[in-house]
Number of protein chains: 4
Amino acid sequence: MFVLVNLKTYPCDPIEVAEAVRDVNESTDARVAVAPQATNIAQVAETGAETWAQHVDPIDYGSNTGHTLAETVADAGAVGTLINHSEQRLKLADIDGTVQAAERADLETVVCANNPAQIGAAAALGPDAVAVEPPELIGTGTPVSQADPDVVEDAVNAARNVDSDVSVLCGAGISTGDDVVAAGDLGAEGVLLASGVAKADDPTAALEDLVEPL
Amino acid sequence: MFVLVNLKTYPCDPIEVAEAVRDVNESTDARVAVAPQATNIAQVAETGAETWAQHVDPIDYGSNTGHTLAETVADAGAVGTLINHSEQRLKLADIDGTVQAAERADLETVVCANNPAQIGAAAALGPDAVAVEPPELIGTGTPVSQADPDVVEDAVNAARNVDSDVSVLCGAGISTGDDVVAAGDLGAEGVLLASGVAKADDPTAALEDLVEPL
Amino acid sequence: MFVLVNLKTYPCDPIEVAEAVRDVNESTDARVAVAPQATNIAQVAETGAETWAQHVDPIDYGSNTGHTLAETVADAGAVGTLINHSEQRLKLADIDGTVQAAERADLETVVCANNPAQIGAAAALGPDAVAVEPPELIGTGTPVSQADPDVVEDAVNAARNVDSDVSVLCGAGISTGDDVVAAGDLGAEGVLLASGVAKADDPTAALEDLVEPL
Amino acid sequence: MFVLVNLKTYPCDPIEVAEAVRDVNESTDARVAVAPQATNIAQVAETGAETWAQHVDPIDYGSNTGHTLAETVADAGAVGTLINHSEQRLKLADIDGTVQAAERADLETVVCANNPAQIGAAAALGPDAVAVEPPELIGTGTPVSQADPDVVEDAVNAARNVDSDVSVLCGAGISTGDDVVAAGDLGAEGVLLASGVAKADDPTAALEDLVEPL
């Protein structure tokens, strides 16, 4: 299982979480990574934790003030990027352009979407993975793998129908190891996490709990 | 073949074009329709021409100032709507929401996209049809069916791979009957037109030329 | 006082409200107008009610699929337009472009904004009027003229500081004649209304109540 | 004069330009600063150059994936931020929210705009400075201070009319010291630069040329 910890703009110490991610990653068969704010990518990557961007723009080098260039986050140490997170919804044409921009910079890609139909659409754009996150469950502490197991299975089927090479992750409300196991049982190859780890008093303990049953 | 004439915000007389659409539709096996501005839908529909909206919003009845409600354009006489035209690009989640809003109001749906990958994505959302329009050819007079035949065939295959019930149209630069025939030979079930008819001195003659070889 | 009834995409009969607006306008010193959806402008204007658009786009004639052209709504009978309503927030550059587009088509302009600072900004773009609507009060039934009188007075001062020719309206939660009188006492030259009239069982009675104390 | 070098997403070495900015700043009466991509702010700030963000979002700490938080760029060493650059146009309400977010993090603010009317609007939001950049001159090498001197003077007057405490900068096409002097003569207190320095073979020489006549 792939466990990606999204730090959003939470008031956490990105280095502390990154070190927890790095340490837990080394002690488990799961693959654990962290997605800090763009401004923090370089220092987070220096910890040795697998580092992702939360977003990159569908652009190339050039006149793009205030944009996030795939090559720049890759140079800073990111190895992948989230795309179209529910807090950063993109136009269809821009998701396509961002997948291409990320691939150009050798960034792994996870395109997020709300529901199985949109997951099928995301899979058609050829990313490495898609992630289904029902918006109504984000930040609730109610795990998608329990509250809405059908949405995970339907998302797996929707992606498989379009392109069987695209992995499916799921997110929203996941905070325990049982949630992660349940996600895997539904066909997901990974999970997106955020507040459960980023806001934990002890991120290492929170992550160890998450990967313990894997 | 389905021939949809998009009037955009061209300085044409929508009634004159609508009457041409109505008359030519009655004299050919092709299905010919017109998409005026939202403000003109009611009067265009009164001509008896098949009338489409150029866009509707992913909303329901409620507090939505300045938005276009599917039910309202349907009540005014529209029977279908374009979605995600290259001049009105939408977020993926909003294309999904708009397809659902249009279906709720019994509007037929055509989701536009730039290229075969995005066509596959659009097809995954379950519209009645998708339309591939390479942005670089729009308004050029160089027909996509001649300038870039691969993009049409690839779009047909991309849609078929995702959902074989979704029809594929194509657009950009189409202005003659030969262009329409070529589009059909590539697997398209219809074409989107705009300036070739909307800006013609004689819209009826322009439409007759278009459907003559069908 | 200017009383503008915004029908949003409410499930009301726009003709019934328009006739109420027309009739009450004739029986009072207040100026009463109605802003239906773009699709309904022509039929609403035919009632003889003063008709406004809810939004127009910062465009000219041309290739603009799914957009609302100022000239088209003017030709359909609109005499003014709301701009930048809180349910249709625009980029600063597009508010500027929309004010210019509306003036080109001889539409009167009311630029909406959230607070006094933004009202000053809106006034700097040279519209005929600005309208302050605290988002947190919209649709509440709690009138801005009572819940937050300072915001109305501060908006009047902010607009006057920038351009004393720009009128100031206010909106949000206004549903009684006393609310309108209170708005006028705070320096507003008009009010924006929506659900209080559009959703009333008897729009004429609701409007008569509103203008009775004027 | 304030000289702000915007690195956009140019394929330049941000450290090399930052060191040039730092060195030239120390050898002149002008104030010289650099705005790298968000990902590069920390390492650029470590050079000792005055460092700005190209953009921050109108948000606070919280669930904002892929956004740029004012506090985070400040913690990384930025002392100011551009807002509403023509390549990153914002809604009026978001410019207001961004100015407030930047002030909360003690970032100096420069709000960009296209023309004098929008400059007046930007000044009404209370930033430290505004910057007028006619979009048609950006990247042309034709300096605004020569091609369109009226737009600079009119912008100075528009800002002064609204709030005399707001400084006015100008940009677009500025590449020589004479351009900077001309801008100052028109009332501007600074200039925005980009390709003239960021793409120069020798950024230090380019900057020295710029500040030499000051």
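The values are calculated or read from the model by the stated rules, or taken from the named source; none is laboratory data. As the structure is a computational prediction, the values presented were derived from the model and not from experiment. Cβ coordinates were reconstructed from backbone atoms using ideal geometry, including for glycine residues, and neighbour counts include every protein chain displayed.
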| request: Considering each residue of the range B:74-85, count those that are in contact (Cβ under 8 Å) with a residue 12 or more places away in the chain, out of contact with any Phe, Trp or Tyr (no Cβ under 9 Å at 6 or more places or on another chain) and not in a loop (DSSP other than H, G, I, E, B), and give that number. | output: 2
| task | Take A:Ala49 and decide whether it is more than 20 Å from D:His67 (Cα to Cα) and among the aliphatic types (A, V, I, L, M). | result | yes
| query | Conditions: (1) surrounded by fewer than 22 Cβ atoms within 10 Å (Cβ to Cβ); (2) farther than 16 Å from B:Phe2 by Cα. B:Ser167 meets all but one. Number of the miss? | reply | (2)
| request: Determine which single condition D:Gly141 fails, assuming it passes every other condition in (1) in contact (Cβ under 8 Å) with a residue 24 or more places away in the chain; (2) out of contact with any Ser or Thr (no Cβ under 8 Å at 6 or more places or on another chain); (3) farther than 26 Å from A:Leu7 by Cα. | output: (2)
| Restricting the range D:132-164 to residues that are of a type in the set (Gly, Ala, Ser) and at pLDDT below 90, which is surrounded by the most Cβ atoms within 10 Å (Cβ to Cβ)? | D:Ser145
| field | Pair list, Cβ under 8 Å, 6 or more apart: the range D:189-201 residue free of Cβ contacts under 8 Å to residues at least 12 places away in the same chain, other residue part of a helix (DSSP H, G or I) | value | D:Ala200/D:Ala206
| Set D:Asp128, D:Asp94, D:Asp106: member being at pLDDT 95 or above, touching a helix residue (DSSP H, G or I) at 6+ places or on another chain (Cβ under 7 Å) and surrounded by fewer than 24 Cβ atoms within 10 Å (Cβ to Cβ) | D:Asp106
| field | helices (runs of 4 or more DSSP H) wholly inside the range D:106-210 containing at least 1 residues that are over 20 Å from D:Thr81 (Cα atoms), facing another protein chain (nearest Cβ under 10 Å) and in contact with a Leu (Cβ under 7 Å, 6 or more places away or on another chain) | value | D:116-123
| said: Which residue is farthest from the chain's Cα centre (by Cα), if the candidates are limited to the range B:20-68 and must be more than 7 Å from chain C (Cβ to nearest Cβ), more than 21 Å from B:Pro213 (Cβ to Cβ) and in contact (Cβ under 8 Å) with a residue 40 or more places away in the chain? | reply: B:Asp60
| said: For the range B:69-89: of the residues being acidic (Asp, Glu) and within 25 Å of A:Leu92 (Cα to Cα), which is nearest to the other protein chains (Cβ to nearest Cβ)? | reply: B:Glu87
| message | Considering only the range C:135-149, I want to know if a residue exists there that is within 22 Å of C:Ala102 (Cα to Cα) and among the polar types (S, T, N, Q). | response | no
| request: Give the residue that is nearest to the other protein chains (Cβ to nearest Cβ), with candidates limited to residues of the range A:3-19 that are touching a strand residue (DSSP E or B) at 6+ places or on another chain (Cβ under 9 Å) and aliphatic (A, V, I, L, M). | output: A:Leu7
| In the range A:103-118, how many residues are within 14 Å of the chain's Cα centre (by Cα) and closer than 24 Å to A:Ala76 by Cα? | 6
